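Peer 1: One structure follows; several queries about it will come next.
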Amino acid sequence: MKILEDRIRRDGVVKAGNVLKVDSFLNHCMDVELFRQMGLEWKRLFADRPINKILTIEASGIGIACIVAAEFGVPVVFAKKAQSINLDGEMYTTKIESFTHKKSYDVIVSKKFLSPDDHILVIDDFLANGCAINGLIELIDEAGATVEGVGIAIEKGFQQGGKLIRERGIRLESLAIVESMDDTTGEVVFRNN
Ligand code: 5GP
């Protein structure tokens, strides 16, 4: 998606350790008009899917997912990062390894908010090794709901997450796929460019 790629080139900052910082428009200060354009694009890409709910994970997925959900006219559920002490039988739970924080944590969704009738679009800001998205798919599987697809703002194509999800036959639509990036020059190269 050209406007997202242009924005990453203009305002993204490449950090050491394969981290792309986009906090000036995506996950700290949020450009809601950009999110709306992204929502319209995912609506076009997933037009053939009977999506009735969006699932994301706190914190940085929530802003994007809310605007996308408004475009689809459906509710958003976000998986919460939990203390183990809070876990009980009323929750679907899984463990996720964090790429940015290098630690693992439990995530939960209340059984009230995911059911076998649900057809879910999973939304997140980044896809790196795929741990976050895998965890969300596990929660959907636990609920017996259907994964209709995954929408990612920025996929880092040089990490394995995208490949693993596509190999499972899950429809993945990433709006910008970074092929490579260089923290000395700041250059970001996108796939298909
Ligand atoms: P994964 O679970 O796919 O390895 O990593 C995805 C999660 O890590 C995303 O939810 C995102 O919050 C974070 N993340 C991964 N790579 C980056 C990055 O380059 N920049 C930022 N800002 N977050 C990232």
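The values are calculated or read from the model by the stated rules, or taken from the named source; none is laboratory data. Quantities reported herein were computed from a predicted structural model and do not represent experimental measurements. As a convention, Cβ positions derive from the backbone with ideal geometry for all residues, glycine included, and neighbour counts pool all protein chains shown. Surface accessibility is based on the protein's heavy atoms, side chains included, excluding ligands, DNA and RNA. Shrake-Rupley method; radii C 1.70, N 1.55, O 1.52, S 1.80 Å.
Peer 1: Which of the residues belonging to segment 19-73 are hydroxyl-bearing (Ser, Thr, Tyr) and part of a helix (DSSP H, G or I)?
Peer 2: Listed by number, the list holds a single entry, Ser60.
Peer 1: May I pose another question? Please work out which residue is farthest from the ligand (Cβ to nearest atom), limiting yourself to segment 1-22 and to residues that are open to solvent by 50 Å² or more (accessible area, probe 1.4 Å) and among the charged types (D, E, K, R).
Peer 2: Per the stated criteria, the residue is Lys2.
Peer 1: Give the residues of segment 58-70 that are open to solvent by 10 Å² or more (accessible area, probe 1.4 Å) and either within 11 Å of the ligand (Cβ to nearest atom) or among the aliphatic types (A, V, I, L, M) (or both), sorted by residue number.
Peer 2: If the condition is that a residue be open to solvent by 10 Å² or more (accessible area, probe 1.4 Å) and either within 11 Å of the ligand (Cβ to nearest atom) or among the aliphatic types (A, V, I, L, M) (or both), then Glu58, Ala59, Ser60, Ile62, Ile67, Ala70 are the ones that fit.
Peer 1: Another question about this same structure. Of the residues in segment 118-141, how many are surrounded by fewer than 19 Cβ atoms within 10 Å (Cβ to Cβ) and free of Cβ contacts under 8 Å to residues at least 40 places away in the same chain?
Peer 2: Looking only at that region, the number is 4.
Peer 1: Just name the residue that is least open to solvent (accessible area, probe 1.4 Å) out of those in segment 99-117 that are outside any strand (DSSP E or B) and away from the ligand (no atom under 16 Å from the Cβ).
Peer 2: So the residue we want is Leu114.
Peer 1: I need the full set of residues from segment 142-163 which are surrounded by fewer than 17 Cβ atoms within 10 Å (Cβ to Cβ) and within 12 Å of the ligand (Cβ to nearest atom), in order please.
Peer 2: Phe158, Gln160, Lys163
Peer 1: Now for a different question. Being without any contact (Cβ under 8 Å) to a residue 60 or more places away in the chain, assigned to a loop (DSSP other than H, G, I, E, B) and open to solvent by less than 50 Å² (accessible area, probe 1.4 Å) narrows it down to one residue among Ile96, Ile170; which is it?
Peer 2: After applying the criteria, what remains is Ile170.
Peer 1: Also, I was wondering about something else. Could you please find all residues in segment 173-185 being of a type in the set (A, V, I, L, M, F, W, C) and either open to solvent by 20 Å² or more (accessible area, probe 1.4 Å) or closer than 30 Å to Lys112 by Cβ (or both)?
Peer 2: Ile177, Met181
Peer 1: Is it fair to say Thr93 is away from the ligand (no atom under 16 Å from the Cβ), polar (S, T, N, Q) and closer than 16 Å to Phe113 by Cα?
Peer 2: When the stated conditions are applied, Thr93 passes them.
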